[in-house]
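Participant: Have a look at the structure that comes next, please.
A short reminder: the numbers here are calculations on the coordinates, not readings from a lab. In this text, all values refer to a predicted model and were calculated from it rather than measured experimentally. Cβ sites come from the backbone with ideal geometry, for glycine too, and all protein chains shown count toward neighbours.
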């Protein structure tokens, strides 16, 4: 393209008949040395920006690309200078207040000594809408699984929990509730039924919800207060937390009302105000770790539960700072939290991991509360820690169950897919090769049918163990389901690397597996697909590796095959059918 610039007018002498034909993408040319002013644009570009040619030639790049800052522009110019072109996504203004997602192909050119950039613009609005729709469907599936796990944990909480559904005009109805709440109100003759109005609850508890400041709830702020109500003729004190749950648009759709029965502690607190001795007896016998800190973060008091959990007891704690005992990075954060309470007067609550006297990691839910003198000045910070090590372990167990196969303890299909995606991104970025293996245990159905499922489970565990021992340290072995396994081989140089690994895997199964006193010899059929030779897409790589595995079965089993391009669906279906029959 020869671009002739005369005065303030820019005209394209060559290729204008091509760039302005029906269906041509919007094209604009920027002058780098003139603050990226547009010196040329075709008819499609005028339509794209909703201006005439004169209006287009008056625009600078920053006028229609709101996110193109100098740093990003410099980076793009560097890519163009290195490769001759670059491609990126951005937003274009199309009239007042309207932004359009676009895909831009930018190339360098010179004309009459001027440094120019040519941008070919493609509207990707429809693609973005499709991507957002797909993300929505994936999010719904993830939320469904998350809700299932939540329900398991929900039933184990030690506080009474009521979910309040929020309808239009802030109309409240009773949603779900945990067993402890059902027991609490059921013992007072109150039947909790989902869908009922809140009138079935005591008026004091209804008041917690009905009088809550809605502006704070919409802001996602949990509201805490104490109340007293009469159940079975007895006064009961509760610490309540009203926790809002928001939609992505920021609307409150549900409230979690947490009721902690503090009747006993309330009575004790009133007694503690009159008796220091009663206070110390309560604190010293508390299972929670309690300590008081001065402005230098030194401990001026610790209770017995705290002293008993630290090597050196009272002597190691009193007069020392967390960084002195027990020390470590978490202690640095702990001191930072204490100073924050002194500075702001705002109580804090967070999880704190520290080593106990046996050197084991212990997790505590720590609450830091400011203590004030009669004049309102903060004189100390009280720390109360509740051991939640078991709960933390349970969370980790739930996570493990979600990502690892329960029978073999190998990564499951979900985790395997995530690692495959990460490996794809890494390989694309660094231009690397990797292999995907699909593995099937030959005639596993025969073992299951003749010896029973327990024997089949023994075989699968042994196969998993041998596969894991046979691969390299960075390789990933996963069980996808049934007798189907998969392996990721990152960082390979050529065909010989996966060939060697496949040979080791086959060799690992040559030793018999002892099941119920019988030596059973199993074998594997292995299919291999290579990135990027066979495909750059995860689904295709898995499909091609699976196809190669069926080819290995068709070839007599106990071997491995690479994917052969050109196999038709009919041939693949025939191989699968024959392998099942054999």
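Participant: Tell me, 184, 489, 216 in order of fewest to most beta-carbon neighbours within 10 Å?
Facilitator: 216, 184, 489
Participant: Which distance in nm do the two modelled labels at residue 235 and residue 349 give, with both placed 7 Å along the Cα-to-Cβ direction?
Facilitator: For residue 235 paired with residue 349, the spin-label model returns 2.5 nm.
Participant: Relative contact order of the chain, please, whole-number percent, based on alpha carbon pairs below 8 angstrom and at least 6 residues apart.
Facilitator: 6
Participant: Listing 271, 265, 241 from the residue with the fewest other Cβ atoms within 10 Å to the one with the most, what is the order?
Facilitator: Result, fewest neighbours first: 271, 265, 241.
Participant: Once both axes come from the Cα atoms, what is the angle between helix 453-470 and the longest principal axis of the chain, in degrees from 0 to 90, rounded to 10?
Facilitator: 70
Participant: Still on this model: For a test of the definition: using alpha carbon positions, the gyration tensor, and the 1.5 limit on a/c, classify the stretch 155-266 as rounded, prolate or oblate.
Facilitator: Since a/c reaches 1.5 and a/b is larger than b/c, the shape of the stretch 155-266 is classed as prolate.
Participant: In degrees, nearest 10, range 0 to 90: what is the angle between the Cα axis of helix 125-154 and the longest Cα principal axis of the chain?
Facilitator: It works out to around 30 degrees.
Participant: Can you give me the distance in nm between label points at residue 43 and residue 308, each placed 7 Å from the Cα along the Cα-to-Cβ direction?
Facilitator: Here the answer is 8.8 nm between the modelled labels.
Participant: Shifting gears a bit: What's the FRET efficiency of residue 141 with residue 495 using the Cβ-Cβ distance as r and R₀ = 56 Å, to the nearest 0.05?
Facilitator: That gives a FRET efficiency of 0.90.
Participant: What does DSSP give for the chain in terms of the percent of beta bridges that are antiparallel, rounded to the nearest 5?
Facilitator: Of the beta bridges lying entirely in the chain, close to 95 percent run antiparallel.
Participant: Report relative contact order for the stretch 404-581 in percent, whole number only (criteria: Cα-Cα under 8 Å, sequence separation at least 6).
Facilitator: So the answer I get is 25 percent.
Participant: Continuing with the same structure: With the Cα gyration tensor of the stretch 276-336 giving a ≥ b ≥ c as the square roots of its eigenvalues, does the rule (a/c under 1.5 for rounded; else a/b larger than b/c for prolate; else oblate) give rounded, prolate or oblate?
Facilitator: The shape class here is prolate.
Participant: Working out 0.36 nm times the residue gap between residue 443 and residue 378, then minus their Cα-Cα distance, what length gain in nm do you get to one decimal?
Facilitator: 16.0 nm
Participant: Report relative contact order for the stretch 14-141 in percent, whole number only (criteria: Cα-Cα under 8 Å, sequence separation at least 6).
Facilitator: Worked out over the stretch 14-141, it gives 22 percent.
Participant: For the chain, take the longest principal axis of its alpha carbons; what is the angle in degrees between that and the long axis of helix 263-272, to the nearest 10 within 0 to 90?
Facilitator: The two axes meet at around 60 degrees.
Participant: Give me the one-decimal nm value for the distance between modelled label points at residue 401 and residue 514, 7 Å along each residue's Cα-to-Cβ direction.
Facilitator: Between residue 401 and residue 514, the simple spin-label model gives 3.4 nm.
Participant: I'd like the FRET efficiency for residue 182 and residue 369, computed as 1/(1 + (r/R0)^6) with the beta carbon distance as r and R0 of 25 Å, rounded to 0.05.
Facilitator: E(calc), rounded to 0.05, equals 0.20.
Participant: Compute the Cα gyration tensor for the chain, then decide on rounded, prolate or oblate, letting a ≥ b ≥ c be the square roots of its eigenvalues: rounded whenever a/c is under 1.5, prolate when a/b is larger than b/c in the other cases, and oblate in all that remain.
Facilitator: Oblate shape, in that a/c is at least 1.5 and b/c is the bigger or equal ratio.
Participant: Sticking with this one: Based on the Cβ-Cβ distance from residue 228 to residue 453, what FRET efficiency comes out when R0 is 56 Å, to the nearest 0.05?
Facilitator: The calculated FRET efficiency here is 0.45.
Participant: May I pose another question? Can you sort 451, 459 from fewest to most other Cβ atoms within 10 Å of each residue's own Cβ?
Facilitator: Least crowded to most crowded, the residues run 451, 459.
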